[in-house]
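To start, the structure itself, in structure tokens.
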Amino acid sequence: MCTGRVDLSFIFRAFSKGKDGVFIGGCWPGECHYITEGNFSALSTKHIAGKLLEMIGLNPERLRLEWISASEGSRYAEVMNDFSKTVRESGALGAGEGIDPEELKARLDAVEQLIPYIRLVERVRLRIPLKSVEEYDEFFTSPAFDKLFKETVVDKYEISRIMGLLREKACTPGEITKSLGINQSDVSRHLNLAARQGL
């Protein structure tokens, strides 16, 4: 299928099922078989997914996107060998980053619950019609994108984590801070916002 069809939910479902790495291979930019330029859509998805992995404490190198045409068998073999080596060196998912399995599950669950919201945010605020891979890379590594990501995704993720913890048991803001590692002033801000939203 076109790499433009690759969704954040596919990527995070693989990680939630315990896969140590996810590889996406697609047509070279400018050579998409469809008028949608799906490979640029995949590039956006890859950058956003990498940022999400980083946010939850996982190595973003566990996700890789490469441009490989059907006639590049030897390049495909080289890329796959290199990616396999990177994933092996990273260790088992979560364990390689020093994350407890239960904590990793909670983080991945929180991200998966946010994916429908992230899709909406992406369509409205993060889908930038750029013309080259370099422009995409520059945008997604810019301070402007970091700020936008914090405002639109990180706060929602932290609220999701807090709500998940509160579903398990009643906690004080101090206990939430200690359990989730979220700054206490942010915890208070998130709780006030969640209460106003009826959560």
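The values are calculated or read from the model by the stated rules, or taken from the named source; none is laboratory data. What you see is a predicted model; the values in this text were computed from it and never measured. A quick note on method: Cβ atoms are made from the backbone with ideal geometry, for glycine too, and the neighbour counts reach across all protein chains shown. Each accessible area value is taken on the protein alone, full model and side chains, heavy atoms only, with ligands, DNA and RNA left out. Shrake-Rupley method; radii C 1.70, N 1.55, O 1.52, S 1.80 Å.
For the range 96-112, what are the residues that are surrounded by fewer than 16 Cβ atoms within 10 Å (Cβ to Cβ) and under 17 Å from Ala14 (Cβ atoms)?
Hits for the range 96-112 are Pro101, Lys105, Asp109.
The conditions are (1) assigned to a helix (DSSP H, G or I); (2) modelled with pLDDT of 95 or more, and Leu43 fails exactly one of them. Which is it?
So the condition that Leu43 fails would be (2).
Would you please list the contacts, defined by Cβ atoms under 7 Å and residues six or more apart or on different chains, that run from a residue in the range 12-34 that is of a type in the set (D, E, K, R) to a residue that is open to solvent by 50 Å² or more (accessible area, probe 1.4 Å)?
Asp20/Ala92
So, in the range 76-94, exactly how many residues are under 13 Å from Arg62 (Cα atoms) and open to solvent by less than 100 Å² (accessible area, probe 1.4 Å)?
Initially, the range 76-94 is screened for residues under 13 Å from Arg62 (Cα atoms), giving 80, 82-94.
Narrowing further to those that are open to solvent by less than 100 Å² (accessible area, probe 1.4 Å): 80, 82-84, 86-87, 90-94.
Number of matching residues: 11.
Can you work out which of the residues in the range 49-89 that are in contact with an Asp or Glu (Cβ under 7 Å, 6 or more places away or on another chain) and part of a helix (DSSP H, G or I) is farthest from Lys17 (Cα to Cα)?
In this case the residue turns out to be Val79.
Residues of the range 1-23 being farther than 22 Å from Gly96 by Cβ and assigned to a loop (DSSP other than H, G, I, E, B), which ones?
Met1, Cys2, Val6, Asp7
Kindly indicate which of Arg119, Arg123 is of a type in the set (D, E, K, R), surrounded by fewer than 18 Cβ atoms within 10 Å (Cβ to Cβ), touching a residue at least 24 places away in the same chain (Cβ under 8 Å) and within 13 Å of Ile48 (Cα to Cα). First the steps, then the outcome.
Details: Arg123 fails: touching a residue at least 24 places away in the same chain (Cβ under 8 Å).
None of the other options fit; the residue is Arg119.
When the range 1-16 is examined, which residues are found to be open to solvent by 30 Å² or more (accessible area, probe 1.4 Å), modelled with pLDDT of 95 or more and under 19 Å from Arg123 (Cα atoms)?
Within the range 1-16, Phe10 is the sole residue that qualifies.
Tally time: how many residues in the range 167-183 are under 21 Å from Ile99 (Cα atoms) and either open to solvent by 70 Å² or more (accessible area, probe 1.4 Å) or not β-branched (Val, Ile, Thr) (or both)?
Initially, the range 167-183 is screened for residues under 21 Å from Ile99 (Cα atoms), giving 168, 175-183.
When the remaining residues are screened for being either open to solvent by 70 Å² or more (accessible area, probe 1.4 Å) or not β-branched (Val, Ile, Thr) (or both), the result is 168, 175, 178-181, 183.
Summing the residues that are under 21 Å from Ile99 (Cα atoms) and either open to solvent by 70 Å² or more (accessible area, probe 1.4 Å) or not β-branched (Val, Ile, Thr) (or both) in the range 167-183 gives 7.
I want to confirm something. Restricting to the range 17-58 and keeping residues that are among the polar types (S, T, N, Q) and buried (at least 18 other Cβ atoms within 10 Å of the Cβ), which single residue is nearest to the chain's Cα centre (by Cα)? Walk me through it before giving the result.
Step one: of the range 17-58, the residues among the polar types (S, T, N, Q) are 36, 39, 41, 44-45.
From what's left, buried (at least 18 other Cβ atoms within 10 Å of the Cβ): 39, 41, 44-45.
Numbers: Asn39: 17, Ser41: 14, Ser44: 11, Thr45: 8 Å.
Residue satisfying both the conditions and the ranking: Thr45.
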